[in-house]
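Below is one structure; the comments refer to it alone.
The values are calculated or read from the model by the stated rules, or taken from the named source; none is laboratory data. Here the structure is a predicted model, which means the values were calculated and not measured. Here Cβ is always computed from backbone atoms with ideal geometry, including for glycine, and neighbour counts include all displayed protein chains. Surface areas here come from the heavy atoms of the whole protein model, side chains and all, with no ligands, DNA or RNA. Shrake-Rupley method; radii C 1.70, N 1.55, O 1.52, S 1.80 Å.
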There are 4 protein chains.
Amino acid sequence: MKEQNEQPSWKMKLHEIIYEADTPMGRLFDIALFFLIILSVILVMLESVESIDQHYHKTLLTLEWGVTIFFTLEYIARVISIKKPWKYIFSFYGIIDFISTIPLYISYILAGSQVLLAVRAFRLLRIFRILKLVKFIGEASQLQSALKASRTKIAVFIYVVLILSVILGTLMYLIEGDEAGFTSIPRSIYWTIVTLTTVGYGDIAPQTSLGQFLATVIMILGYGIIAVPTGIVTAEFSRGKKGQADDQNMVHVNTQACPSCSAEGHRDDATHCYNCGHSL
Amino acid sequence: MKEQNEQPSWKMKLHEIIYEADTPMGRLFDIALFFLIILSVILVMLESVESIDQHYHKTLLTLEWGVTIFFTLEYIARVISIKKPWKYIFSFYGIIDFISTIPLYISYILAGSQVLLAVRAFRLLRIFRILKLVKFIGEASQLQSALKASRTKIAVFIYVVLILSVILGTLMYLIEGDEAGFTSIPRSIYWTIVTLTTVGYGDIAPQTSLGQFLATVIMILGYGIIAVPTGIVTAEFSRGKKGQADDQNMVHVNTQACPSCSAEGHRDDATHCYNCGHSL
Amino acid sequence: MKEQNEQPSWKMKLHEIIYEADTPMGRLFDIALFFLIILSVILVMLESVESIDQHYHKTLLTLEWGVTIFFTLEYIARVISIKKPWKYIFSFYGIIDFISTIPLYISYILAGSQVLLAVRAFRLLRIFRILKLVKFIGEASQLQSALKASRTKIAVFIYVVLILSVILGTLMYLIEGDEAGFTSIPRSIYWTIVTLTTVGYGDIAPQTSLGQFLATVIMILGYGIIAVPTGIVTAEFSRGKKGQADDQNMVHVNTQACPSCSAEGHRDDATHCYNCGHSL
Amino acid sequence: MKEQNEQPSWKMKLHEIIYEADTPMGRLFDIALFFLIILSVILVMLESVESIDQHYHKTLLTLEWGVTIFFTLEYIARVISIKKPWKYIFSFYGIIDFISTIPLYISYILAGSQVLLAVRAFRLLRIFRILKLVKFIGEASQLQSALKASRTKIAVFIYVVLILSVILGTLMYLIEGDEAGFTSIPRSIYWTIVTLTTVGYGDIAPQTSLGQFLATVIMILGYGIIAVPTGIVTAEFSRGKKGQADDQNMVHVNTQACPSCSAEGHRDDATHCYNCGHSL
């Protein structure tokens, strides 16, 4: 069917290398990309550690330029090797690829562009595809669908938690004075969420007896309502599992073993071995 | 069926706008109310932040007056447009509407009335209805019924946790001295609950070896018993799900409210209120 | 069947009042006991708060004496009104009743007997019976049987968690120095459990990069393994629910106690104690 | 069947004592080993507590030598009494036995060998076997298989959590300055994981309003996603339970170990090793 393709062969070749992972070159490219993405994330981290940045600033900058140039070339190659470039450019990955490439260029024009470096971590998601982890993708999509199914319930839950936090936070602000750290209602709400989610930093903590009593109530409340999202997701998972059993693409297998090759797991209605074709 | 209604038409019109969301005017009113409730909550928050209150005190007070006047008019309209006003006035929402309206008026008479502002957050619950989120209401009621079914079990659980906290708190008070922060038994119980619920502020922490050992036991205990409410709710959810699938007795409800008794949750095809028989 | 009973009638009467809750007098006694137990626990708490104890020492001591005398009389009445006193005296509740009565007497002989006051909280468990909460008892026993069924699994789980804590605690001790608070291996293990159970006081926290990295691993580990007890208990609950639905062998029990051996949980239609055969 | 065995009888005798727990001598040996392993772990702990080490240094060192010599003899006995020593030496337990024996010898040659003492805690795993807790092993393997089945899903989950931590940590680093403790991106990521897992030390805590807002989002996120591993494991447990109930193919195993290959988990009625065919 490839004769229908009007693209020059080098574009097709490039597309195969960059977008696919079936050829040796394509796999090599993916593995290189894999390590460069991780390297690029580690570089951003190391630059932020002052003691390291002071000693190895030049090395880090050189590596950063190397990564940026590679990403630039990769981005250009992706754009030109695909038939409908705009589709890639405005796709989720296309935008992330673009944003994680430009910070170094922009840093010469305007300060504060490091913010964009945070986006680079999103590229790590590409690794799922790079590793050809179809199995992983399957699992991820199962997770995703379980979360999607319980989306509305979780939204209601979070909404109720937020209202609760506003009410309890306001109460704590009225009970506790400024000296305990409850200096404003937003800060009190922040504390309430810290307590309700059982994080408990301790930077703000109630001092009065009444405040500590209410805090206790909030904790036990939080301890109890953590059960709700868990219950929702678990019920969804269990259902997903059962649904899977009903799945039309599944057949019952028996314990028969092929007389010729002793392969097991034949369909109930099988008359020949799926492995060697010998009649059962 | 509306000819049976003896109310003047402007009252009926008002009722439709305020209590229902089926007409364009009703929807507009609900959206306005939606934003005003959120605005009123944000206003209370901002007033509590000293640095903001100092700079924008006048603006905030003006907006607060605007919101209060709107809420006052809304409350009066709600009372006069309904056939049985007392039923609304003493309903859950009626009381919240009243309390969230009056603080500004009272603040001229007696100080400390800001406490009532905390109640305003309860109005946020109205948003469920405003957004016509019948689906959300369905999910919420599913959550509610799962929690209701496991109410007794959770009560037993919390009761046992409290007894445990009293016992362990008293023990910690006897083991640890004043210098570690365990100055009294109530305070020790507060610490025990902080630990048992895995919040862990760190404002009080055991210093002696024996105290730290007991603390370790409490933590592992807390780690283990967090499984209990989760197990209860999850089992209830899973059952709820199955029950729901089999349930033939469920009908769709809409957001209409009875003009006479303001009961909600009428069937889509209802022509009379299920509560008082008034025509809808 | 009561003619078989050879006890004097006043003993039988006393037994009915103290051990049962079916007669008006029995109920009155139970309610009085209910409030006195709660009062006695609150008294112990208030005495421990220095500021309260200084001002109301006399009042508290008087009330404490009142409670102690009531408990003493109740204990004596329980012993003499039952046929086999030793069975009560060495039962779980018998020992708790005794220990929660004596501290005030002993405090005149030897110091440090307040430790026994902690036991008083155990009497709160009696409230389950007092409130005639047969339903509650049912729920509690359901909780209990679910926990009992998963006992071995939870024991294995806690054992593995402890070994993990010892290993990781020792590693953290070797990585982090004294200045971060990891002054000894037991203290490091304490910190590991604080982290693994997601309590996180913050009194000890890693300072080195390697220590923080290992801490991160411990946290994610703890975040993950919290799923294990939850999974165990939930699976048990779900099974318990199904088992219960099918179970034809369950009967309703009441709060009556055998006058001879004080066994509880008799069938509604029982005429003889299931434990000793004495007529009820 | 033992006539097939060509080993000298004392070796066979030794093997029976050390590797099995069916004879009185074997049980005695196992119990002695049990207490010595626990003693050895406690010794390592006590040595690390400075105040104890200063006072009882000599006693501790003597006991440490005693334990080390016993472990040395045990290790030698294990090696010589088994037919294929290399299989034991390079097995999981063989390596742990070796490493937990040598630290004291090495400490005379090179410093810092205490690191190896941490390995000693792994020997505690042997206790499962020593206590003949076949039932426990069953439970443990059930836990293990449930965890194994959900391995890929948990890996995906942890991977997503890590990416999220990198992204959110970088954001927090950009929002919060150095004074709040967010001095570098790795440190920010450490804080994000501390928050996401609801540990919450409080050594680093956001100071700005925006930072506290994002922290709130992270907490609620963490509160929600803790549901995911729980849901995964619970669904797996429930499935495992059902599978087990249907399974007719389960047999009881005992604690005997093959004298030739030291494979464990033989059927109660086995006369030959299932692994190498050697007679038991």
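Structural remarks
- The criterion of at least 3 residues that are under 27 Å from residue D:186 (Cα atoms) and at pLDDT 80 or above is met by the following helices (runs of 4 or more DSSP H) wholly inside segment C:133-243: C:151-175, C:185-196, C:209-225.
- Residue in segment D:46-65 that is free of Cβ contacts under 8 Å to residues at least 12 places away in the same chain, assigned to a helix (DSSP H, G or I) and under 16 Å from residue D:101 (Cα atoms) present: yes
- Selected residue (only one of D:161, D:166 is more than 10 Å from chain A (Cβ to nearest Cβ) and either acidic (Asp, Glu) or over 14 Å from residue D:215 (Cβ atoms) (or both)): D:161
- Within segment A:188-204, considering residues that are open to solvent by 10 Å² or more (accessible area, probe 1.4 Å) and facing chain B (nearest Cβ under 8 Å), the one nearest to residue B:52 (Cα to Cα): A:189
- Residue under evaluation residue A:150, criteria (1) more than 8 Å from chain B (Cβ to nearest Cβ); (2) open to solvent by 30 Å² or more (accessible area, probe 1.4 Å), criterion not met: (2)
- Hey, residue A:83 outside any helix (DSSP H, G or I), within 23 Å of residue A:9 (Cβ to Cβ) and out of contact with any strand residue (DSSP E or B) (no Cβ under 6 Å at 6 or more places or on another chain) or not: yes
- Annotation note: of B:67, B:41, B:79, the sole residue that is of a type in the set (Val, Ile, Thr) and either open to solvent by 50 Å² or more (accessible area, probe 1.4 Å) or within 14 Å of another protein chain (Cβ to nearest Cβ) (or both) is B:41.
- Within this structure, residue D:62 passes the test of being open to solvent by 40 Å² or more (accessible area, probe 1.4 Å), farther than 27 Å from residue C:172 by Cβ and either among the polar types (S, T, N, Q) or at pLDDT 85 or above (or both).
- Condition met for residue C:185 (surrounded by fewer than 20 Cβ atoms within 10 Å (Cβ to Cβ), closer than 22 Å to residue D:96 by Cα and free of Cβ contacts under 8 Å to residues at least 24 places away in the same chain): no
- On the stretch given as segment C:205-218, residues that are surrounded by fewer than 22 Cβ atoms within 10 Å (Cβ to Cβ) and aliphatic (A, V, I, L, M) total 3.
- Among (1) touching a helix residue (DSSP H, G or I) at 6+ places or on another chain (Cβ under 8 Å); (2) at pLDDT 60 or above - the single one residue C:272 does not satisfy: (1)
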